[in-house]
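> Can you keep this structure in mind? I'll have questions shortly.
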Amino acid sequence: MSMKFRWLGYVCFEMVLPSGKVLVIDPYIDYSPTAPVRCQEVTGADYIALTHGHFDHVTDVGTLVKKFGSRVICSHDVAEPLTKLFNLEVGCINKVTAGDIVVFDDLRVEVKKGQHVDLRRVMETLYERVAGQQPDPDMPLAELMQIASPDLVQESNLELNDMRERIRAVGLDGGEQLTFVFQATDNLRICIYSSDAFEFLRQEVIDAHASVIFSQVGAVSPRKAAEFAALSGADVVVPTHHDGNGEEMMHRTAQAMARYLAANSSAYCLDIVPGQWYEMGVKVSPIRDTSSVA
């Protein structure tokens, strides 16, 4: 059996392993403005891996653990507040840090260093994409965010606002940023890289030796994201976290990354469609009969 996956928005992915078990990355689903499905439609969540503890990576951990009895893989500083927030059993948490390797029957998890993006710089990058010009350096961050990524400051979503307050109340404020390399029984190596393209992380990406890399581009310039993705040696690059400003901007960002990637690598850049199932092997291709995914 090959590995299948679909993008549920932001950095949330649902992956069906060759064993039939399901791995979910950074579940932000029921609260997400861009998720194509709700938690009740997720096929499973035997494993949940969290790159860090910000709201747009953790809001639906509790729902999925309650429904599927998931094993949660997260950093030490995310584990305790996450347990409090969702009233989780300590035994369902695998606490990890950079350098760790966790091996399950059907999944090997390598944990590497990461580093979250600088929010101000991210918003300046997004502003330039949306407005077509650089922002005034004295523009307040709140105003910058309103233009660059309005979904992050949307006040009408009371349910999300309440969840964000609950997250802040337990001290779940990012924590250690992790990069994951997953290797299932088919030996395909999948790297989840949701960090910025910092120079000190180059070797971490090179050492991933990835077959497929899911690469942060929403908050990183397409040029730098493509440069770092090429370092991994992956055959396929999947851009992520670039869906916060509408479908047109999402595709423009992916296409820009693909152009820059072509100058550094022979890798194929997938202009991914939210909710579409794909099959991973030497190439990544859409699955036309989704009834086969269970």
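Taken together, the values in this text are just the output of simple stated rules run on the coordinates, not laboratory data. Computed from a prediction, not measured in an experiment: that's the story for all the values here. Here the Cβ is made from the backbone with ideal geometry for all residues, glycine too, and neighbour counts use every protein chain on show.
> Tell me, what are the semi-axes, in whole angstrom and largest first, of the equivalent ellipsoid of the chain as set by the roots of 5 times the Cα gyration tensor eigenvalues? Each step should come with its number before you reach the end.
Numbers: eigenvalues 136, 115, 69 Å².
Working from the Cα gyration tensor, I get semi-axes of 26, 24, 19 Å.
> Subtract the Cα-Cα distance of residue 128 and residue 76 from 0.36 nm times their separation in residues, and report this length gain in nm to one decimal.
Here the segment from residue 128 to residue 76 would lengthen by 15.1 nm.
> Taking the Cα atoms of the range 71-204 alone, what are Rg (to one decimal) and Dmax (as a whole number) in Å?
Just the Cα atoms of the range 71-204 yield Rg and Dmax of 18.1, 53 Å.
> Sorting check: for 65-72, 92-99, 45-52, which peptide has the highest mean count of neighbouring beta carbons within 10 Å, and how do the rest follow?
Descending mean neighbour count gives 45-52, 65-72, 92-99.
> Counting Lys and Arg as +1 and Asp and Glu as -1, each charge on the Cβ, what is the dipole of the range 3-153 about the Cα centre in debye, to the nearest 20?
500 debye
> If you don't mind, another one. Once every DSSP H run of n ≥ 4 in the chain is given -39500 (n - 2.57) and the sum is divided by its residues, what mean residue ellipticity at 222 nm do you get, rounded to the nearest 500 deg cm²/dmol?
My calculation for the chain gives -8500 deg cm²/dmol from helical runs alone.
> Still on this model: Using only the alpha-carbon atoms of the range 94-139 as identical scatterers, what base-10 log of I(q)/I(0) does the Debye formula give at q = 0.24, 0.27 Å⁻¹?
Relative scattering, expressed as log10 I(q)/I(0), comes to -0.84, -0.97.
> Please arrange 167, 29, 147 by counting, for each residue, the other beta carbons lying within 10 Å of its beta carbon, fewest first.
147, 167, 29
> Separate question: Which residue, chosen from 258, 147, 133, occupies the Cα position most advanced towards the positive end of the dipole of the chain, where the dipole is computed from +1 (Lys, Arg) and -1 (Asp, Glu) charges on Cβ about the Cα centre?
258
> I've got another one for you. What is the dipole size for the range 29-84, taken about its Cα centre, with +1 at each Lys and Arg Cβ and -1 at each Asp and Glu Cβ, in debye to the nearest 20?
The calculated dipole for the range 29-84 is roughly 180 debye.
> Roughly speaking, what is the stretch gain from residue 66 to residue 89, that is 0.36 nm per residue apart minus the C-alpha to C-alpha distance, in nm to one decimal?
Full extension of this stretch gives 7.3 nm more.
> Run the numbers on the range 50-98 and let me know its relative contact order in percent, using alpha-carbon pairs under 8 Å that are six or more apart.
39 percent
> Moving on to the next point. Ranked highest first by average number of other Cβ atoms within 10 Å, how do 8-16, 255-263 line up?
With the highest mean Cβ count within 10 Å placed first, the list reads 8-16, 255-263.
> Now, a different point. Rounded to a whole number, what is D in µm²/s for the range 1-100 from Stokes-Einstein with the Kirkwood radius over alpha-carbon pairs (20 °C, 1.002 mPa s)?
159 µm²/s
> With only Lys, Arg, Asp and Glu charged, each at its Cβ (+1 for the first two, -1 for the last two), find how big the charge dipole of the chain is about the Cα centre; round to the nearest 20 debye.
Working: 26 positive and 40 negative charges, 127 e Å.
Roughly 620 debye for the chain.
> Defining a contact as two alpha carbons under 8 Å apart and six or more residues distant in sequence, what relative contact order in percent does the chain show?
19 percent
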